[in-house]
Amino acid sequence: MSKIFASLKSIGAYAPKNILSNKDLEKMVETTDEWIVQRTGIKERRLALENELTSDIGLKAAKLAIERAGVSTGEIDAVICATLTPDFLCMPATACIIASKLGIKNVLAFDVSAACSGFVYILYLAKSLIESGVHKNILLIGAEKLSSVVDYTDRSTCILFGDGGGAAVIGSTKYENEAIMDIRISADGDYAHLLSAPRSRVTHPKDNKTLEYLQMAGNEVFKVAVKTLTNDVVEILQKNGITADKIDHFIPHQANLRIIEAVREKLNFPHEKTVLTVQKYGNTSAASIPMAMNDAYEEGRIKHGDLILLDTFGGGFTWGSALLRFGGQ
Ligand code: UT7
């Protein structure tokens, strides 16, 4: 029997229409457009409407991904959502809500909490579930309403984050030239205190103020991020016997242009092969990689069979990288 591979069959994304520019932020906290652009590369980010939930954002991205995959909702046999801003803190999972809005019933549906690495984490799960032969078409969603956990009086964090969603359909294939080749994921909870959002009643039982804000020791996170992201890419390329010049598209997590540039330069990736969306969306955590991939796809840059390298890092700490050949059309 021929081997079953997992393939990323389609990509879709949704960015809320409302733009929060650096100039807007200048009126809210003590900052300047110049400082933000110089330190982060971010010019603007999107904000969801008050009544627009993570599931609404994820749903729009999911509909596009399903349509582009050319599958019906009845063919989807699992829905997995990566988010750190679920509609409900504990249950039901945002994946269940999105599945219901899509009319998908009686299938595996759950959320994964792995912060900015969420999409690579769920890609890893989907790859395993498809290769096991049990699942055929898995809907993956990375969606965030980060504006709901950002403190807009804290200039060190509010300039960074935005709302948005990305989605992909992972299907089975017998063709290796459109397969997800390898994924490495990892975590180290010793760094949990450097990036968190928000605390819950479990850790603070007597505190009714459960909805606290995202907190980050930015500079410390920055240093670990550059080192980890670089090492991760070196390892996945070496393990698969692939040199950097063979990569068609490098799609890193979009947290800070300086981090992306540091990794890109160390690995010698040409600028034109690196996908950048941080300037217009900021950091959208679990949505960042699929949103960036969708942008490159819609610009006509990504073609069937192209070799793509993903690299991500986030709270936990969690991190991961993936090598895949684009299976969409
Ligand atoms: O997605 C998960 C992974 N997340 C990341 O990878 C984010 C990692 N961190 C970063 O992107 C950067 O550390 C930041 C953009 C958050 C900060 O840049 P930095 O170069 O590390 O600055 P810093 O935190 O060392 O702060 C330098 C100075 C400080 O002032 P003093 O103490 O030197 O007087 C800050 O108070 O910049 C000040 N500062 C600001 N000034 C103007 C911090 N935020 C701002 C601001 N506007 N918005």
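The values are calculated or read from the model by the stated rules, or taken from the named source; none is laboratory data. For clarity, every value in this text was computed on a predicted model and none was experimentally measured. Don't worry about glycine lacking a Cβ; one is built from the backbone with ideal geometry, like all the others, and counts go over all protein chains shown. Each accessible area value is taken on the protein alone, full model and side chains, heavy atoms only, with ligands, DNA and RNA left out. Shrake-Rupley method; radii C 1.70, N 1.55, O 1.52, S 1.80 Å.
So the values come out like this:
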read-out	value
Segment 35-79: number of residues that are open to solvent by 70 Å² or more (accessible area, probe 1.4 Å) and charged (D, E, K, R)	8
Cβ pairs under 9 Å, 6+ apart, first in segment 266-294 and aromatic (Phe, Trp, Tyr), second open to solvent by 10 Å² or more (accessible area, probe 1.4 Å) and more than 14 Å from the ligand (Cβ to nearest atom)	Phe269/Ala244; Phe269/Asp245; Tyr281/Ala15; Tyr281/Glu44; Tyr281/Arg46; Tyr281/Asp295
Residue list for segment 306-321, filter: of a type in the set (D, E, K, R) and not in a strand (DSSP E or B)	Asp306
Candidates Ser148, Ser132, filtered to the one that is farther than 30 Å from Val37 by Cα and open to solvent by 30 Å² or more (accessible area, probe 1.4 Å)	Ser132
Out of Lys206, Lys266, Lys223, sole residue that is of a type outside the set (Gly, Ala, Ser), over 30 Å from Val71 (Cβ atoms), outside any loop (DSSP other than H, G, I, E, B) and more than 15 Å from the ligand (Cβ to nearest atom)	Lys266
Odd one out for Val233 among (1) within 16 Å of the ligand (Cβ to nearest atom); (2) among the aliphatic types (A, V, I, L, M); (3) closer than 20 Å to Arg264 by Cβ; (4) free of Cβ contacts under 8 Å to residues at least 40 places away in the same chain	(4)
First in segment 63-76 and closer than 11 Å to Leu102 by Cβ, second anywhere and part of a helix (DSSP H, G or I) and at pLDDT 95 or above, Cβ under 6 Å, 6 or more apart	Thr73/Leu102
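Yes/no per residue for (1) outside any helix (DSSP H, G or I); (2) modelled with pLDDT under 95; (3) of a type in the set (A, V, I, L, M, F, W, C); (4) more than 16 Å from the ligand (Cβ to nearest atom):
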site: Arg45; (1), (2), (3), (4): yes, no, no, no
site: Asp56; (1), (2), (3), (4): no, no, no, yes
site: Arg68; (1), (2), (3), (4): no, no, no, yes
site: Val71; (1), (2), (3), (4): yes, no, yes, yes
site: Val79; (1), (2), (3), (4): yes, no, yes, yes
site: Thr85; (1), (2), (3), (4): yes, no, no, no
site: Pro92; (1), (2), (3), (4): yes, no, no, yes
site: Cys96; (1), (2), (3), (4): no, no, yes, yes
site: Ala99; (1), (2), (3), (4): no, no, yes, yes
